[in-house]
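Right, one structure below, let's go through it.
Just so you know, all these numbers are worked out from the coordinates, no wet-lab data involved. Predicted model only: the values in this text are computed from it and were never measured. No Cβ is skipped: glycine too gets one built from the backbone with ideal geometry, and neighbour counts run over all protein chains shown.
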Amino acid sequence: MAFWFKRLGAFALLSFAAAEIPAASGDASSFHKEIKPLLEKYCWDCHGDGMDKGKVSFDTFKSDQEMLEKKDLWLAALKNVRAGIMPPAKKPRPDKAEIEKLGHWVKHDVFAIDPRNPDPGRVTVRRLNRTEYRNTIRDLMGVDFKADDEFPPDDSGYGFDNIGDVLSVSPLLLEKYMQAAENIVGMAVPATSLMMPERTYSGSQFRTDGVNGELLDIYKPVKLKQTFSAPQAGDYKVFVDFVVNGHFDFDPGKAKVVFTIDGKERLSKEDIGWEAGKKFNFEFAEKWEPGEHELHFEVQPLTAIEQKKTFVNLRIDTVRVQGPLDRKHWTRPKNFDRFFTKDDPKTPKERKQYAREILASFTKKAYRRPVDDRTIDKLVSIAEPAYTKGGKTFQEGIGRAMVAVLASPRFIFRVEDAGVSPTKQTYANVDEWALASRLSYFLWSTTPDDELLKLAEQGQLRKNLRAQVDRMLADRRSNALVENFVGQWLQVRDVDGIDINVRAVLFRDNPGDPESRRRRERLQELRQKRDNSKLTEEENRELEELGAQFRQRGRNNRPMIELDGELRRAMRRETEMAFAHVMRENQSVLELIDADYTFLNERLATHYALTNLGVKGGEMRKVDLPDDSPRGGVLTHGSTLIVTSNPTRTSPVKRGLFILENIVGTPPPPPPPTVPDLESAAKQFKDKDPTLREMLELHRNEPLCSSCHSRMDPLGLALENFNALGMWRDKERGQPIDTTGKLITGENFSDIRELKRIITNDRRHDYYHCLTDKLLTYALGRGLEYYDIETMDQIVERMEAEKGRFSALLMGVIESAPFQKRRNSALVAGQPGQ
């Protein structure tokens, strides 16, 4: 049991003493009768009779009560006993029945959990993070608001950026929310009920022979075309806007710009020349019959290209066509039907009632629950003066009230009704409005849609829960769960920004001849000496010669691998699509660890040296793998392998830590500050370049390093056949790679294939618990506490009974007490965590 107590440390013990924790409900007699004999049998060697490994000893507790109050201690002890970490491998270990006895006592006696009615835990009022805000605005307002550009990054907790405790709000962020509300309403809410039809063409839409109007050189003749289809006969207006830009230095170039409509010249301007961003705007009136009308924009150079000194460029900003101008042909503006249902009423009383109807409907969607009359009255009082006395249209007045809604805490935060339950139950169901929000932000990262809100209003959502979950998973918006959960759980969000030195990685796999290595080492030696002191004349010549040799070699032997955006996106999509497949096809979550298929396009298949599978083109698709393939499962995806590597080499430590933290859920403590870096071990190898396994074996001889590295290193070394680019290799630095290892729990494996089989068989409960922990944390927006252990155990039991099906995990989370219920504030006031 030494490992866990080291992890807990003195800090945890001090925090227990300072925390306001009620007396344990378990009586000391059950402890002395049932549990103490187990501790004496398996734990006393390290934590009793004067032993205090990890600075914890059962001898130091002043009373049974003090010991029973250490809830986090018992929770961690239970987790590590279940995971086989405690007692150590060389010590006797409890059998299954003894572990179950310990678990029953910890959960029911120490934690006082009622398995039929577990504590749902505390609810933290959560601010919408940037992703949720953007998606909510998109679905509510019909506007794609770039929240990532406008708001600062969200803090993360427990590995996710939707944790309520860390989503703080600064005065600056409040100001940004106000500005965002103004901008969003300005973009989304129309200013009138009818508008003249208008069609806008950008410069890129005027084309000919591969050239468009975004950047035109006035020295090159060109004639661009676009076609407008007039729906009715009538009067139209055409607006032409373009910009001329010149280099900082003057250029003598001149050109003539001609704009024609149906072959008739409407603009002919011959003095277009060197300008510093000058804008030109023209307007033309047209009387058109129904049908297509050709618009041509032509540049005719007036200066010979031989006189060109710098440049003069022309850009077509827009060409707008308005009409027909007759009001009888006017149409509803964009987004009108999203917010309004009819034209403005004529009388003030009717307009006020219409304003109430619009704002009540909008605010219910924005706040994700009905609002009281007082709130609607306040909003009407904002809108009414604007459209009656402020010179605004009715629609603009409504928009002013909508700004107030979008800037309200009730929109920015996910506020739930915390009222007293009429049933007087300690733990009561959240109302169906809150359930709708919990579902939509969990599965979609956005606001509930009309169907969820309708069922909530009818009180029918819980009765149709499974059908709604199936519907939501089939909706494209469920991609948000894939991208946001998987992106953070498996860190694939980071793959785009990881710095990998392709040349250094490939050189490590194929270091070349000894003489080449000697010259490279000499080059590095001379460069270091130059940085620290002066070189002799002879050394300077040698440095110059070696540098030239390697630069030429680099030009002649450029790496064939380019880790560009396209390849990184394919790697990220491979992992996302694997999770989406398991989720939507209701496969076993064990396939995320060990599968006989993966998702590839031609570029990624080539990178993985899987060209014999016949994958062609850029489209990602499901591909069956050969029987002996080490690929399959997220541990062998390029995304995982890259984010767990260093810039120039693999990192067995990072990869082992990744598996411990994200797959089996038994992370080690953080390293002490005095631990030497791994590269320092390489200096002790005088006659060769050591492999990472050799350096790690030397590193583990350090007393400070041994306990953690003995757990991490075997896991990471099992992946050493994959380099820092995710490519397969058989050798490192010219030496065969050894991937054999032994887990701290005693299982032996020879390579990644066997390790994956161990995780999905012997250690699958560890994986189930870890995945449940991650998904439940993401769904609840809070870290898990001791009282959540029963909920997790029930979900894991359900997964075991249903052979790991994703639906068992997902519905286990959605139907769990923490997701469905909340503490009744009137009955549990003062309880820890409130």
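Points worth noting:
- Think of each Lys and Arg Cβ as +1 and each Asp and Glu Cβ as -1; about the Cα centre, that makes the dipole of the stretch 770-820 roughly 260 debye.
- Close amide H partners of residue 157, meaning residues 5 or more places away or on another chain with modelled amide H under 5 Å apart, are 162, 163.
- Phi to ³J(HN,Hα) by Karplus 6.51 cos²θ - 1.76 cosθ + 1.60 over the stretch 427-436, Hz, x for Gly, Pro: 10, 10, 4, 5, 5, 6, 5, 5, 4, 4
- For the stretch 635-645, the Karplus equation 6.51 cos²θ - 1.76 cosθ + 1.60, evaluated at θ = phi - 60°, returns couplings of 5, 10, 6, x, 4, 5, 5, 6, 6, 10, 10 Hz by residue, with Gly and Pro reported as x.
- Between helix 71-82 and the chain: long-axis angle, C-alpha atoms, 0 to 90°, nearest 10: 80
- As a length-normalised measure over Cα pairs under 8 Å and 6 or more apart, the relative contact order of the chain settles at 14 percent.
- Nearest 10 degrees, 0 to 90: helix 789-801 Cα axis against the chain principal axis: 90
- Here the stretch 346-395 is treated as a Stokes sphere of Kirkwood radius computed over C-alpha pairs; at 37 °C and 0.692 mPa s its diffusion coefficient rounds to 293 µm²/s.
- Averaging Cα coordinates gives a centre for the stretch 600-661 and one for the stretch 393-466; these two points are 41 Å apart.
- Helix 764-780 and the longest principal axis of the Cα set of the chain meet at an angle near 40°.
- Charge dipole (Cα centre; +1 on Lys/Arg Cβ, -1 on Asp/Glu Cβ; no other charges) of the chain amounts to roughly 940 debye.
- Across the stretch 595-605, computed HN-Hα scalar couplings (Karplus, 6.51 cos²θ - 1.76 cosθ + 1.60, θ = phi - 60°) run 9, 9, 8, 8, 10, 9, 10, 4, 5, 6, 4 Hz from first to last residue, x flagging Gly and Pro.
- Ellipticity estimate at 222 nm from DSSP helix runs (n ≥ 4, -39,500 (n - 2.57)) divided over the chain, nearest 500: -12500 deg cm²/dmol
- Which listed pairs, of 70/176; 225/308; 269/308; 365/389, have C-alpha distances above 32 Å, in listed order: 70/176
- Close amide H contacts of residue 318 (hydrogens built in the peptide plane, cut-off under 5 Å, sequence separation of 5 or more or a different chain): 241.
- Interchain or long-range residues, amide H under 5 Å from residue 824's placed H: 427, 428
- Take every pair of alpha-carbon atoms less than 8 Å apart whose residues are at least six positions apart; their mean separation over the length of the stretch 185-325 yields a relative contact order of 41 percent.
- Relative contact order for the stretch 105-220, counting Cα pairs under 8 Å that sit 6 or more residues apart, in percent: 18
- Using a cut-off of 21 Å between Cα atoms, the listed pairs 41/79; 146/378; 220/256; 352/392; 79/107 include 146/378 as exceeding that distance.
- The stretch 211-254: equivalent-ellipsoid semi-axes (sqrt of 5 x gyration tensor eigenvalues, Cα, Å): 32, 13, 8
- Above 16 Å, the calculated P(r) of the stretch 191-234 contains 54 percent of its Cα-Cα pairs.
- All-pairs Cα distance distribution in the chain, expressed in whole percent, bin size 20 Å: 12, 33, 34, 18, 4, 0
- Dipole magnitude for the stretch 384-539: about 140 debye, using +1 per Lys or Arg Cβ and -1 per Asp or Glu Cβ, origin at the Cα centre.
- In the calculated pair-distance distribution of the stretch 708-760, the portion above 18 angstrom amounts to 31 percent of the Cα-Cα pairs.
- Part-to-part distance (alpha-carbon centres) for the stretch 133-182 and the stretch 800-814, which is given in Å: 32
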